[in-house]
Amino acid sequence: MSISEASFTVVADLAKRESAMVYDPGKEYLVEARLLPLAREAGCADVDAYVALMRRDPREQARALDALTINETSWFRDNTPYQAFTDVMLPELLQRRALTRTIRIWSAACSSGQEAFSLAMLLDQHLPPGWSAHILATDISPTMVERVRAGRYTQVEMNRGLPASMLVQHFTRVGTEWQVSDGLRAMVEARTLNLAGPFGPMPTFDIVFLRNVLIYFEMETKRDILRRMRDVVAPDGYLLLGATETSLDLDEHWSREPAGRAQLHRPVNALTTLRGA
């Protein structure tokens, strides 16, 4: 392991301070793997030399933070939440939004956009004529946000969970990559956002996908994010966390409802709202 303990501490402190991401001891290999390409680009002898440069140069700090973000994703990842989306959430929302005929979804920590575009494909398939949908896709990484806006993916990325029928319907080959259709891209707005900081002006969302991201934060940050999510999820809306994540013991203002193998988190006033509807 070539990264020193002192350099690892500097990087871990930076990540926690700027993004609330926690890099505990034992993750030195991961930090080194993510920073080594930047060190080479900068002409540094090793990662320690790059960390020294990073401490002096705000631009390199921003690049390092971008590289340190976790960007694991795939099309229709884990499948269960998408099944709950088409079988439970969307049918209910189609009844309850009959006047506005608009569905709003937030894909938080969207990485390179596969989650947002997976939802867009399902909406294109299941949304009745005359309805519209808006998907906000946010990530702390400017690089990932630009990838969502471009809507272009490699063959390796396309092979990760995308059904052949959807590939044919929604993508066009451009050189060695695949381009998302204009119709799906029009449905998705991409924006840089740090979940650990203020959300800024937000509409009310019918569904928020906040999957596989709370696991990277400390307990108080998790509680704070869930608290602020209550301000942007509709009273009869849904919050989806990752398969290993839950609001239990974190925020008593969320209730949990099973939908097949998925757990839907609802604002605590949801049952009152639904019974009074």
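Being among the aliphatic types (A, V, I, L, M), free of Cβ contacts under 8 Å to residues at least 60 places away in the same chain, buried (at least 18 other Cβ atoms within 10 Å of the Cβ) and part of a strand (DSSP E or B) is true for just one of Leu239, Leu226. Which residue is that?
Values: Leu226 fails: part of a strand (DSSP E or B).
Within the list Leu239, Leu226, the selection yields Leu239.
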Within the stretch 242-267, residues part of a strand (DSSP E or B) and either over 20 Å from the mean Cα position of the chain (by Cα) or without any contact (Cβ under 8 Å) to a residue 40 or more places away in the chain (or both) come out as Trp254, Ser255, Arg256, Glu257, Pro258, Ala259, Gln263, His265, Arg266, Pro267
Is it the case, given these coordinates, that Arg191 is in a helix (DSSP H, G or I) and not aliphatic (A, V, I, L, M)? no
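Of all the strands (runs of 3 or more DSSP E) wholly in the stretch 62-157, which have at least 2 residues that are touching a Leu at 6+ places or on another chain (Cβ under 7 Å)?
On the way: elements: 102-108, 132-139, 152-154.
Where strands (runs of 3 or more DSSP E) fall fully within the stretch 62-157 and carry at least 2 residues being touching a Leu at 6+ places or on another chain (Cβ under 7 Å), they are 102-108, 132-139.
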Among (1) crowded, with 19+ Cβ neighbours inside 10 Å; (2) at pLDDT 90 or above; (3) outside the structural domain of Ala137 (by TED's automatic domain parsing), Thr73 falls short only on (2)
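If you go through the stretch 36-52 one residue at a time, do you hit one that is of a type outside the set (Asp, Glu), outside any helix (DSSP H, G or I) and touching a residue at least 60 places away in the same chain (Cβ under 8 Å)? Before you say what the answer is, go through the steps one by one.
As a first pass, look at the stretch 36-52 and keep what is of a type outside the set (Asp, Glu): 36-40, 42-45, 47, 49-52.
Cutting the leftovers down to outside any helix (DSSP H, G or I) gives us 42-45.
Next, only the ones that are touching a residue at least 60 places away in the same chain (Cβ under 8 Å) stay: none.
No, because not a single residue in the stretch 36-52 is of a type outside the set (Asp, Glu), outside any helix (DSSP H, G or I) and touching a residue at least 60 places away in the same chain (Cβ under 8 Å).
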Of (1) at pLDDT 95 or above; (2) surrounded by 18 or more Cβ atoms within 10 Å (Cβ to Cβ), Arg173 fails just (2)
Counted residues in the stretch 242-277 being touching a helix residue (DSSP H, G or I) at 6+ places or on another chain (Cβ under 7 Å), modelled with pLDDT under 90, over 16 Å from Val213 (Cα atoms) and surrounded by 13 or more Cβ atoms within 10 Å (Cβ to Cβ) come to 1
Scanning the stretch 8-39 for residues that are surrounded by 12 or more Cβ atoms within 10 Å (Cβ to Cβ), at pLDDT below 90 and small (Gly, Ala, Ser) gives Ala12, Ala15, Ser19, Ala20, Ala33
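The values are calculated or read from the model by the stated rules, or taken from the named source; none is laboratory data. This structure is a prediction, so every number in the text was calculated from the model and none was measured. No Cβ is skipped: glycine too gets one built from the backbone with ideal geometry, and neighbour counts run over all protein chains shown.
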